[in-house]
There are 2 protein chains.
Amino acid sequence: MSEQVSRWDVFEFSIKGPAGGNPYLDVNFAATFSLGNRDVTVPGFYDGDGVYKVRFCPDTEGEWRFVTTSTDKALAGLSGQLSVGPAKSGVHGPVRVRNQFHFAHADGKPYLPFGTTCYAWTHQTVELQEQTFKTLADGPFNKIRMGVFPKDYIYNTNEPLFDVYEKRADGSHDLDRPNFECFRHFETQIGRLMDMGVEADIILFHPYDRWGYCTMTEEQDFRYLRYIVARIAAYRNVWWSLANEYDFLLDTKPMERWDRFFQIIEEGDPLRHPKSIHNGDVDKNYDHRKPWVDHVCIQNWDVKKTLDWRAAYGKPVVNDEPEYEGNIPKEWGNIDGHELVHRYWLTLCRGGYIGHGETFLDANDELWWAKGGVLHGEAPARIAFLRNIFEEDAVNGLTPMLERGTTYKRVSAVQDGDVRYIYFGEHQPVEWALGLPEKDGDWEIDLIDVWNMTVTPLEKGPLPKVHPQRITGGSHITNQFAAAFGLKLPGRPYLAVRIRPRKTH
Amino acid sequence: MSEQVSRWDVFEFSIKGPAGGNPYLDVNFAATFSLGNRDVTVPGFYDGDGVYKVRFCPDTEGEWRFVTTSTDKALAGLSGQLSVGPAKSGVHGPVRVRNQFHFAHADGKPYLPFGTTCYAWTHQTVELQEQTFKTLADGPFNKIRMGVFPKDYIYNTNEPLFDVYEKRADGSHDLDRPNFECFRHFETQIGRLMDMGVEADIILFHPYDRWGYCTMTEEQDFRYLRYIVARIAAYRNVWWSLANEYDFLLDTKPMERWDRFFQIIEEGDPLRHPKSIHNGDVDKNYDHRKPWVDHVCIQNWDVKKTLDWRAAYGKPVVNDEPEYEGNIPKEWGNIDGHELVHRYWLTLCRGGYIGHGETFLDANDELWWAKGGVLHGEAPARIAFLRNIFEEDAVNGLTPMLERGTTYKRVSAVQDGDVRYIYFGEHQPVEWALGLPEKDGDWEIDLIDVWNMTVTPLEKGPLPKVHPQRITGGSHITNQFAAAFGLKLPGRPYLAVRIRPRKTH
């Protein structure tokens, strides 16, 4: 009998097997899924109490069959079938890189990441986790950065809801014995995010630790990684973030180990979820040109450099942590909402993507950035506004505009086909022409107030006064406006202009 | 008979000589000034109508004598005496680099450059130049960037008050025949600035030209440079800026010529006025490590990099052009006053200096940045406020503060001895401790609102909540507050804190 599964949902095969010894260390279990002559081999995992599982996300409709392999005879050669039907409504498949600098779902729908960060939210009380879901449901975010491990840090001194590994009598953790309940809870939450349409950007390692995860042996690291990949790679909303701040872990996990981590993930992940790695110090970016890196994760406040990162790495740039809206006494956790929104527009209008985090002091130490809960800031409403604008016309992704052969470095300008966005930020010209269309036409031009969230039609105007080009020497050309028309602007900062062909209704 | 001169004033010796041919090309003239066994040789110059002059700024009180040398027999061997008395009240002598990253007058008085930019103001109408003097007298600026040559550019299409070189019948200029009236006028204005206590940052070359200055031969360039140095080096307020945007001139003036320019200036300038060179493109800084560069001139909006420029060049950093307050359709000329003031605080609180310029559209094309006249912006009042604050406690200059062995990169913090300034900028913590004194004491602590120009006393408070340091692995130390106390802050951006020992009155 064939089990019915929807395309891009999780199929799980579960079987009882040996429970003695330490199956986490000792038993290999996998399955090969086949459709016609196509084979996809997927690692399985031990889930405690003698239960072995393998999970598979079918990317193609049809009649699939599978057969298991194992070091344990009783687990080998088991087989079954699944009948994969169309994707459920609203399901677009896993996200992958498209058009070099951008992302799309497997079905072609553009995906613009608007992520947030709640490092240890799955380790908080059940009530707080429910509140986090509620906040996410009401908010503008379609991705969340979240760690497998709990966090030991300022405002993060509580014990996790579940130990990740079994606790010994002396209180230490046996890093060779996972607490399966913890992992099951973790993937339940990933599944709920998936159902909400939220990507789960899974942080596999981080340095804020009192349980011993930072000092696991190489063997323990590799085994952990294979295990978590086997457990969750079938969730279509998973992304792999190898670390939060890998460079703060280089003394216990040398660079070659990080490289190998990437490879191990690829070995166990047939969907090839997006993989990246997040720096701590702004001068310590991983070499994102390495072939196993899918997109660039950056922690950097200097978002005008987005152009440089695109040029340096040639991959999508996601600035996860351009500093957080908040008011805590940590130097990275207290910019005001206005500045964060400014950094959003700067980044998007330079062809990159940017993430959110929030750190307002809280009497119960419930800061969104680590624990989830509720949001207090002024930025999220503006992020929702911005997301709507950029999703409305997204086709191939935003490409930085060129002027005199060089990208915009002061003001920000991007285009996706005939749709252009110019973000002026701290600039407040009363006349403008750079980056406007070179040919006249039936353009719809809107002035966008990024803070007050208004969109106001603008009329075409005359070109600004231009000095005739008559340099007698020197190479510096007084730049001409190649535009067909100019704009009159209100002369205040934090405005953007959108130019697009007028839609005929 | 000995002429009476005050220390650091201009002594001028003038003599009639041959007027035939082209003395600008043909006659060398110089004088050696002596005090005891010390000799200082100073180049002279031809001033038209057979008049030869040599100017000298005596740096030492005493009975000086001089004797001339020349390729013309009638001008050689002339001698005289000058009796140099104390400097006039308020005269502190020429500015030079002190303490590696800072400036001081020759008498030791700290000099903090608060410059502005009026590229071609001496080439405008006499009325407009008088207005510029009036504006400078009322404003916060103690340095002005100004070109020898007029400017041909957007909003700068008018003819100069005086041709710099003699005009031929066909309208072209004879670049081997200076218009002496133009140079006399230029140095009159330098002298008036000197009397006002304003340093004249003289821009020797620039690319915005319709008269032929950009395409002078190497020989013409060198002769021009020797000539202007001979004319104005005795003015104690002169600084040498080799170019505005030298990199836009590299096709006609190759790099070796710029190097040689520096050397030629040194040859003719016994006072050794500060020398630097200003880039156009942000990626085209001159190599300011070259030994003839005294201080770093920078055009760059990304002022948080001030720390990087200090580290790269090891010299004082003056960011002449962090973009201008204004509203014109040029991408470098339209930031709002708030942003410019923010950049001032960022720069000063990272151990650098920063300059002003203003470009508001004007019906008569009278933009301060090029022509002088009047100011319209909101920044100058805040620059005056900031200048008062930093001059009040200036001793050795501001040094970036260290935390965990690294300079501040997000918030900005500097100290000069026991006086500390922390600028939060876009950050809005409600509690703070980083960078505060490690020992308690009788500190005077003030909250500075950089835009509203208020200074409000702050009380010491408890240290912020700190997570105990108990990292089990990894190298990342949860940074502890080494401070003796914390501060409660209002939780809004664009504030600074000053901490200094309480003065006993």
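The values are calculated or read from the model by the stated rules, or taken from the named source; none is laboratory data. Worth saying up front: this structure is predicted, and the values here are computed from it rather than measured. Methodologically, a virtual Cβ is constructed for each residue, glycine included, from the backbone with ideal geometry; neighbour enumeration extends over all protein chains shown. Remember, those area values only see protein heavy atoms, side chains included, never the ligands or the DNA or RNA. Shrake-Rupley method; radii C 1.70, N 1.55, O 1.52, S 1.80 Å.
Assorted remarks:
- Accessible area buried between chains A and B, both sides summed, probe 1.4 Å, in Å² to nearest 100: 5800
- Using a Förster distance of 60 Å, the FRET efficiency for A:Asn22-B:Thr456 (Cβ separation, nearest 0.05): 0.40
- Inter-copy label distances for B:Arg65: 11.7 nm (label point placed 7 Å from Cα along Cα→Cβ; shortest first).
- Distances from A:Ser2 to itself in the other copies, using label points 7 Å out along the Cα-Cβ axis, amount to 11.4 nm in increasing order.
- Rg and Dmax of chain B, both derived from C-alpha coordinates alone, stand at 25.1, 88 Å.
- For the range A:251-307 versus the range A:75-98, the spacing of their alpha-carbon centroids is 27 Å.
- The calculated 222 nm mean residue ellipticity attributable to helices in chain B amounts to -6000 deg cm²/dmol, summing -39500 (n - 2.57) over DSSP H runs of n ≥ 4 and dividing by all residues.
- Neighbouring Cβ atoms from other chains, within 10 Å of the Cβ of residues in A:409-415, number 3 on average.
- Net dipole in debye of the protein assembly as shown [+1 Lys, Arg Cβ; -1 Asp, Glu Cβ; about Cα centre; nearest 20]: 600
- Cα gyration tensor, the range B:7-143 - rounded (a/c under 1.5), prolate or oblate: oblate
- Between identical copies, the spacing of B:Pro86 label points, each set 7 Å from Cα toward the C-beta atom, reads 9.8 nm from nearest to farthest.
- Between helix A:337-348 and chain A: long-axis angle, C-alpha atoms, 0 to 90°, nearest 10: 90
- Average partner coverage of B:421-433, which counts Cβ from other chains inside 10 Å: 5
- Ranked by how many other beta carbons lie within 10 Å on average, peptides A:101-109, A:364-372, A:222-230 from highest: A:364-372, A:222-230, A:101-109
- Nearest-to-axis residue of chain B, judged by beta-carbon position, where the axis maps B onto A, in Å: B:Asp302, 3
- Heavy-atom accessible surface of chain B: percent carbon and sulfur, 1.4 Å: 48
- Prolate is the label for the protein assembly as shown, because the ratio a/c of its alpha-carbon gyration tensor axes (a ≥ b ≥ c) is 1.5 or higher and a/b is greater than b/c.
- Taken along its three principal axes, the alpha carbon spread of the range B:63-142 comes to 47, 39, 26 Å, from the longest extent down to the shortest.
- Taking a straight line from the alpha carbon of B:Lys73, these lysines sit under 28 Å away, with near neighbours fewer than eight places off in the same chain left out: B:Lys16, B:Lys53.
- Here the label points at B:Val374 and A:Arg65, each 7 Å from Cα along the C-beta direction, are separated by 9.1 nm in the simple model.
- Occluded residues from the range B:212-240, i.e. those whose accessible area drops by 20 Å² or more once the chain is not alone (1.4 Å probe): B:Thr215
- Selection among B:Gly108, B:Val238, B:Asn319 by position relative to the dipole of the range B:95-392 gives B:Gly108 as farthest towards the positive end (Cβ unit charges, Cα centre).
- Between A:Thr504 and A:Asn99, the FRET efficiency estimated from the beta carbon spacing at R0 = 30 angstrom works out to 0.65.
- The aspartates and glutamates whose alpha-carbon is closer than 15 Å to the alpha-carbon of A:Lys465, local same-chain residues fewer than 8 away aside, are A:Glu431, B:Asp152, B:Glu331, B:Asp362, B:Asp365, B:Glu366.
- Per residue, the solvent-accessible area of the range A:1-109 (1.4 Å probe, heavy atoms of protein chains only, all protein chains present) comes to 47 Å².
- Cross-link pairs A:Lys284/A:Lys305; A:Lys284/A:Lys371; A:Lys253/A:Lys290; A:Lys305/B:Lys143; B:Lys151/B:Lys330; A:Lys305/B:Lys304 - those with Cα-Cα distance over 20 Å: A:Lys284/A:Lys371; A:Lys305/B:Lys143
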